[in-house]
Amino acid sequence: MYYRKPHYYEKFSCTADQCPDTCCAGWQIVIDENSLEKYSNVSGDFGIRLLNSIDWGEGIFEQYEKRCSFLNSENLCDIYKELGAEALCDTCRLYPRHIEEFENLREFSLSLSCPIAAKMILECQEPVRFLEEQDEKEECEEDFEDFDFLLFDCLLEVREKLFSIVQNRAIPIEKRMYCVLRTAKNFQDALDEGELFERDFTGEIELCLQEKTEGFSSDYYEIIQVLRKDLLRLEVLREDWKTNLKAADNLFQKGETWYMEKRDRYKAEIKKSIGQEQWDVYKEQLLMFFLYTYFCGAVYDDMIYSKGVLSVISVFWIEEITFWNWAVDEETIEQKNLLETAYRYAREIEHSDENLNLLEEIFDSDKCYEPEVLKCILVSERKTV
């Protein structure tokens, strides 16, 4: 068994009640079978509380006002307080640690939906490195009989090439994002046409990097409105997320000229308060996170391009929603603005199969998500005021 993890993975430490949010509210927490059995055998008053506060049929904790029934007023877990850390179910014990299983490979990551993990991801100034270990004694217990090893090897190879592009800071971040889209599209076409092993993806990536991508697209305003409508189609897990999306209502009501002028001021404020180079590093780390977490999952559903779009459009949406919220009062832009948008966005996407499936369906069928269309919004730059 091989293990892979980002170099900052082991540095994570939960801040408990000092966290700016809580991971115990806004979504259902699934309880593993061993923990359910353990909870059913707890005696006394707390045992009665466990019996009454778990949906035993669904295997989840009951919620009160969308908060876990064991989350107290201090945002601490009563199971932890009463029974100790060993009594936590797998979900609560592991989060925000996440594992992707690929036959004899396990890839570990930290969920962007955790504010502390998101801060670690964004604040990483050096290009992220992935550490690898091997355990010859452990074997995978799951059945991977239908696992496509050839496709997976190809996915790993192309992802490594994309990593090298995404982390090349001599290339504008917008071009790096476009290169991910174009490569994923070429990869998808090759798979669909049965030419996966006849294509030179290295050469195609080089051609992509040589493409001219500078300039402003007059379609930006129209495209961004279409993309926002797709965001509004998603299941809402937390009510405060609506506030983030609704922040753009006033912007769009005042028309294109007003919207684009606001956006120019936003870009200028980024350069003044944070610096464009630092802002681009934030976007690079986000793009690396999404690519690492989702791209190779295409081995299970063949939806390579959808994984590429999810990686790129997530970075774009996080930045654009940060702009929508900034535009309300035009205060100084700080890292915490992008950070808060990032983990709130991830909470709506990462933890809803319904949302992930809907997005993949949209990306696969809607021409608005073709590389040349998205190129219009990724590389659209105007002279800032």
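The values are calculated or read from the model by the stated rules, or taken from the named source; none is laboratory data. Computed from a predicted model, the values in this text were never measured in an experiment. No Cβ is skipped: glycine too gets one built from the backbone with ideal geometry, and neighbour counts run over all protein chains shown. Ligands, DNA and RNA are excluded from the accessible area calculation, which covers all protein heavy atoms including side chains. Shrake-Rupley method; radii C 1.70, N 1.55, O 1.52, S 1.80 Å.
Summary of values
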| item | result |
| --- | --- |
| Dipole of the chain [Lys/Arg +1, Asp/Glu -1 at C-beta], most positive-end residue of SER273, LEU131, ILE48 | SER273 |
| Using a Förster distance of 51 Å, the FRET efficiency for LYS272-SER43 (Cβ separation, nearest 0.05) | 0.25 |
| Cα-centre dipole for the chain with unit charges at Cβ (Lys and Arg positive, Asp and Glu negative), debye to 20 | 2260 debye |
| Protein-only accessible surface order, largest first, of VAL226, VAL379, VAL30 at 1.4 Å | VAL30, VAL226, VAL379 |
| The chain, relative contact order [Cα under 8 Å, separation at least 6], % | 22 percent |
| Selected from ALA87, ALA170, ALA117 as most flexible by GNM, with the chain as the system and alpha-carbon contacts under 10 Å | ALA170 |
| ARG169/TYR300 FRET efficiency (R0 35 Å; Cβ-Cβ; nearest 0.05) | 0.60 |
| Shape of the range 263-385, Cα gyration tensor, a/c cut at 1.5 | prolate |
| Tilt relative to the chain, helix 335-349 - C-alpha long axis, 0 to 90 degrees, to 10 | 70 degrees |
| In the range 163-252, chymotrypsin sites (Phe, Trp or Tyr not before Pro) in a DSSP loop with at most 14 other beta-carbon atoms within 10 Å | PHE197, PHE216 |
| The chain: calculated mean residue ellipticity at 222 nm from DSSP helix runs of at least 4, using -39500 (n - 2.57) | -16500 deg cm²/dmol |
| Whether the range 175-283 is rounded, prolate or oblate, judged on the alpha carbon gyration tensor where a/c under 1.5 counts as rounded | prolate |
| Restraint check, LYS307/LYS336; LYS66/LYS242; LYS11/LYS81, Cα-Cα greater than 20 Å | LYS307/LYS336; LYS11/LYS81 |
| Surface per residue (accessible, 1.4 Å probe) for the chain, Å² | 48 Å² |
| Built amide H within the under 5 Å cut-off of ILE54, gap 5+ | GLU62 |
| FRET efficiency estimate (nearest 0.05) - Cβ-Cβ, GLU157 to THR22, R0 35 angstrom | 0.30 |
| Relative contact order [Cα under 8 Å, 6+ residues apart], the range 12-73, whole percent | 36 percent |
| Relative contact order computed over the range 216-328 (Cα-Cα under 8 Å; 6+ residues apart), in percent | 34 percent |
| Protein accessible area in the range 284-385, 1.4 Å probe - carbon and sulfur % | 46 percent |
| In the range 29-108, trypsin sites (Lys or Arg not before Pro) in a DSSP loop with at most 14 other beta-carbon atoms within 10 Å | LYS66 |
| TRP56 accessible area, assembled protein chains, probe 1.4 Å, Å² | 90 Å² |
| Accessible heavy-atom area order of THR322, THR257, highest first, probe of 1.4 Å | THR257, THR322 |
| Cα gyration tensor category, rounded, prolate or oblate, for the range 67-225 with a/c compared to 1.5 | oblate |
| For ILE48, solvent-accessible area (1.4 Å; no DNA, RNA or ligand), Å² | 90 Å² |
| Farthest positive-ward along the range 243-367 dipole, Cα basis, beta-carbon charges - from MET288, ALA327, TYR305 | ALA327 |
